[in-house]
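Since the structure comes first, as structure tokens, the remarks are kept for the end.
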Amino acid sequence: MAEVRPDEISAILRKQLSGFENEMDVYDVGTVLQVGDGIARVYGLSKVMASELVEFPNDVFGMVLNLDEDSVGCVLFGESTLVKEGDMVKRTKRVASMPVGEAMLGRVITPLGKPIDGKGDIQTEKYSPIERKALGVVQRQPVKEALQTGITAIDAMIPIGRGQRELIIGDRQTGKTAIAIDTIINQKTTHTAEAKSLGINPVFCIYVAIGQKSSTVAQVVAKLQESGAMEYTTVIAATASDPAPLQFIAPYSGATLGEYFRDSGRHALVIYDDLSKQAAAYRELSLLLRRPPGREAYPGDVFYLHSRLLERASKLSDELGGGSLTALPIIETQQGDVSAYIPTNVISITDGQIYLLGSLFNAGIRPAIDVGISVSRVGGNAQIKAMRKVAGTLKLDLAQYRELESFAKFGSDLDKSTQRTLAKGARLVELLKQGQYAPAPIEKQVVSIYLGTNGYLDSIDISDVKRFEKEVLEYIEVKYNSIFETIKKEKQISDETNAAIKKAADEFLSVFKKNA
Amino acid sequence: MTDHKVSLRYATSLLDSSIERKNLDTVIKDMEFVFSILHREKELAIALKSPVIKPKTKSSILSDIFQTRISEETMNFILFVVNKNREDLLLNISKKFLELKDEYLGILNIEISAPYDFSDDQKELIKKKFENTFNKIILMTFVINKDLIGGFVAKVTDTMYDASVKHQLELLRKQFLHGNVSLN
């Protein structure tokens, strides 16, 4: 074994200590007057800034939220049992901020940027403030690139663009998180060399879990790892056992990390799961800070709470690098009540919503998207031409189907055209069903919907629709792969492609019918 | 929380009126006396706080103690405070008053803690240094605190000037834990 001399060790120690300055340290302090429920009232700290980070003993940090005449109200980011009355509080002279950088990818962190996945320190160089003002009008440009979710129903009818804010709303157990996770998994295709050659820029993902069970978060992380999506994803977790202040700032941390990618000309997707729990956490600390309660006991600025967060999603102008930050906030409703306070607020802030229905979910229509009231206000600009062309009549067909469906229940005799509409609608609904963790690439989505809207499914049994879709796509992939390639490259359906799809579909349909 | 606001309001008005009547020096002396008595006699403070004792009794207790020892203006002020049912805040009011008059007269109170007693020369040196920095009349109080190990800590309102060995060691601990640390 190599010998280590004692003087060598002391030399190393001395070297470590030599950089240590021996000067007078000047800092501002205050005294804790009152502490409890994650809130501390502090006397002193006379020059402290709003939302500044302050340091309590035992390495507990807090954030200043209330600046009163005689005291300062702080929220604690750690155990409030570690703080006593009379303790000294120190200013840090920086507003609450978190480390940002590439090294965050693949990690699970707290809203303050500390790793909680047991993989060691995160080496970052930059700190960014958690609360940042959203960009102005000049720095932005309209949303124009598509963010493919891999879910046919969404990409066809409720397209999401890069830089958009699309709300996912629904009762508990309707598959809200599933849509978000599928979207993250689907971004894997944007990180491939093929995507690069097609001019599709990679999308970095941030999943913010607010007030969820730690087991659920662990499940999500495991699923992302399994599908290889963790490489370009950061999970920010403020679970149900974390103090309310951490749950309150978690989405802002997510936005800060997303802005880091956006500002360096890249694309980021951030999912806030879910904002109704964040609003509840904010309500808790507002009431503890004795701010007056308003409707449903939420404080007066609960609208601003969400609007300033979602306003940070943006598509930058080309001068600023053209990066984007897409936000997918999630809201959980109670008994399908979208007219409650928080849901209406967030619906009005976002650029559209995906509404999930429990009844559809239970009827086996998954994803359980209610096409009638789900919209995307950015819409068509964020779709490739091919998809816009084939999906044009889809929404209309489904709307007509739903309208007639309620009449058809009476069992009266129906005329031919009504029967046709009903048959087509039922097949389209079947076509839009999709399994979890099985995102479909855009070219296959286009062909599937083409078949649906052009009547190729009308002669097939409803129970066979999914099988037909699967087999026809395999058939085309093997025999006419050029169809997929051209759609991917040209992003539109030319007359030749149209003819090619028709030919392939007719061929396969006859084979399929023969075997049936 | 409201205590602070109320005390500040009473103390400000006493300061303003004494400046107006040009009897600030007497009032300061009176209030220093009141503060020292209330600060020292815990039983008196308890009696003033007690809701069982009637305001009349309280004012007669306070008159008996202070009548002959302080000026008439200050005595009237004390009786006025009792009349307004704020007698339990008398200690806070007197404390706030003394703070406000320091501010008015340009006096800065500095509390210096050190693990050992300073020599008079050293005290003079520290005082000079602070006088030059703040351009104010400096009043210093010295506290002995063995925990600091060495050096000293000066507390000027909310700001600490920390040159203690204890703080240096704490910074050193953080440096070893996190790799680097900078002075505030």
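Selection of the range B:114-130 for residues being open to solvent by 100 Å² or more (accessible area, probe 1.4 Å) and touching a Gly at 6+ places or on another chain (Cβ under 9 Å) yields only B:Tyr116. Search the range A:33-46 for residues that are more than 8 Å from chain B (Cβ to nearest Cβ) and farther than 12 Å from A:Asn66 by Cβ and pair each with any residue that is open to solvent by 90 Å² or more (accessible area, probe 1.4 Å) and not in a loop (DSSP other than H, G, I, E, B) when their beta-carbon atoms are under 8 Å apart and the residues are at least 6 apart or on different chains. Partner pairs satisfying both residue conditions: A:Leu33/A:Tyr43. Just to be sure, is B:Thr57 assigned to a loop (DSSP other than H, G, I, E, B), outside the structural domain of B:Ile149 (by TED's automatic domain parsing) and without any contact (Cβ under 8 Å) to a residue 12 or more places away in the chain? The answer is no for B:Thr57. Residues in the range A:35-52 that are part of a strand (DSSP E or B) and open to solvent by less than 10 Å² (accessible area, probe 1.4 Å) were compared, and the one that is nearest to B:Thr159 (Cα to Cα) is A:Val42. Residue count for the range B:135-173 under the criterion of being under 16 Å from the mean Cα position of the chain (by Cα), within 14 Å of chain A (Cβ to nearest Cβ) and open to solvent by less than 80 Å² (accessible area, probe 1.4 Å): the result is 5. Is there a residue being on the phi < 0 side of the Ramachandran plot and in contact with a Ser or Thr (Cβ under 6 Å, 6 or more places away or on another chain) anywhere in the range A:77-95? Looking for residues that are on the phi < 0 side of the Ramachandran plot and in contact with a Ser or Thr (Cβ under 6 Å, 6 or more places away or on another chain), one finds at least one in the range A:77-95, hence yes. All conditions but one from (1) of a type outside the set (Val, Ile, Thr); (2) free of Cβ contacts under 8 Å to residues at least 40 places away in the same chain; (3) touching a helix residue (DSSP H, G or I) at 6+ places or on another chain (Cβ under 7 Å) apply to A:Ala222; the one that does not is (3). For the range A:64-80, the set of residues classified as more than 14 Å from chain B (Cβ to nearest Cβ), within 12 Å of A:Gln34 (Cα to Cα) and not hydrophobic (A, V, I, L, M, F, W, C) consists of A:Ser80 only.
The residues of the range B:24-49 that are over 19 Å from B:Val82 (Cβ atoms) and touching a residue at least 60 places away in the same chain (Cβ under 8 Å), listed by number, are B:Leu24, B:Ile28, B:Glu32. Applying a threshold of 6 Å to beta carbon distances and a minimum spacing of six or more residues, or different chains, the list of pairs starting in the range A:340-353 at a residue that is farther than 14 Å from A:Leu328 by Cβ and ending at one that is assigned to a loop (DSSP other than H, G, I, E, B) reads A:Pro343/A:Thr333. Can you find a residue in the range A:206-221 that is part of a strand (DSSP E or B), buried (at least 23 other Cβ atoms within 10 Å of the Cβ) and either small (Gly, Ala, Ser) or more than 15 Å from the chain's Cα centre (by Cα) (or both)? Looking for residues that are part of a strand (DSSP E or B), buried (at least 23 other Cβ atoms within 10 Å of the Cβ) and either small (Gly, Ala, Ser) or more than 15 Å from the chain's Cα centre (by Cα) (or both), one finds at least one in the range A:206-221, hence yes. Just one of the numbered conditions (1) in a helix (DSSP H, G or I); (2) at pLDDT 95 or above is not true of A:Lys196: (2).
Here is the figure for the range B:116-154: residues that are in contact with a Ser or Thr (Cβ under 8 Å, 6 or more places away or on another chain) and free of Cβ contacts under 8 Å to residues at least 40 places away in the same chain total 8. Of the set (1) more than 9 Å from chain B (Cβ to nearest Cβ); (2) under 30 Å from B:Phe152 (Cβ atoms), all apply to A:Leu105 but (2).
Restricting attention to the range A:348-359, and to residues there that are open to solvent by 40 Å² or more (accessible area, probe 1.4 Å) and not in a loop (DSSP other than H, G, I, E, B), which single residue is farthest from A:Thr326 (Cα to Cα)? If we take residues in the range A:348-359 being open to solvent by 40 Å² or more (accessible area, probe 1.4 Å) and not in a loop (DSSP other than H, G, I, E, B), then A:Ser359 is farthest from A:Thr326 (Cα to Cα).
Elements of the type strands (runs of 3 or more DSSP E) sitting completely within the range A:74-158 and holding at least 3 residues that are out of contact with any helix residue (DSSP H, G or I) (no Cβ under 8 Å at 6 or more places or on another chain) and open to solvent by 20 Å² or more (accessible area, probe 1.4 Å): these cover A:88-95. Assess whether A:Arg172 counts as being in a loop (DSSP other than H, G, I, E, B), open to solvent by 10 Å² or more (accessible area, probe 1.4 Å), touching a residue at least 60 places away in the same chain (Cβ under 8 Å) and over 28 Å from A:Asp337 (Cβ atoms). It is false that A:Arg172 is in a loop (DSSP other than H, G, I, E, B), open to solvent by 10 Å² or more (accessible area, probe 1.4 Å), touching a residue at least 60 places away in the same chain (Cβ under 8 Å) and over 28 Å from A:Asp337 (Cβ atoms). Just one of the numbered conditions (1) hydrophobic (A, V, I, L, M, F, W, C); (2) in contact with a helix residue (DSSP H, G or I) (Cβ under 8 Å, 6 or more places away or on another chain); (3) open to solvent by 30 Å² or more (accessible area, probe 1.4 Å) is not true of B:Val52; which one? That leaves (2) as the condition not met. Inspection of the range A:14-30 finds no residue satisfying the criterion of being of a type in the set (A, V, I, L, M), more than 13 Å from chain B (Cβ to nearest Cβ) and buried (at least 18 other Cβ atoms within 10 Å of the Cβ). Just one of the listed residues (A:Val390, A:Val371) is within 26 Å of A:Gln164 (Cα to Cα), open to solvent by less than 30 Å² (accessible area, probe 1.4 Å), part of a helix (DSSP H, G or I) and aliphatic (A, V, I, L, M), namely A:Val390.
For the range A:282-335, the set of residues classified as out of contact with any strand residue (DSSP E or B) (no Cβ under 8 Å at 6 or more places or on another chain) and small (Gly, Ala, Ser) consists of A:Gly294, A:Ala297, A:Gly300, A:Ser307, A:Gly321, listed by residue number.
Of the set (1) more than 14 Å from chain B (Cβ to nearest Cβ); (2) within 35 Å of the chain's Cα centre (by Cα), all apply to A:Ile9 but (2). For the range B:60-95, filtering for residues that are among the aliphatic types (A, V, I, L, M) and part of a loop (DSSP other than H, G, I, E, B) leaves 1.
The values are calculated or read from the model by the stated rules, or taken from the named source; none is laboratory data. All values reported here derive from a predicted model rather than from experimental measurement. Positions of Cβ are generated from backbone atoms using ideal geometry, with glycine treated the same way; all protein chains shown enter the neighbour counts. For the accessible areas, the whole protein counts, side chains as well, though only heavy atoms, and no ligand, DNA or RNA atoms are used. Shrake-Rupley method; radii C 1.70, N 1.55, O 1.52, S 1.80 Å.
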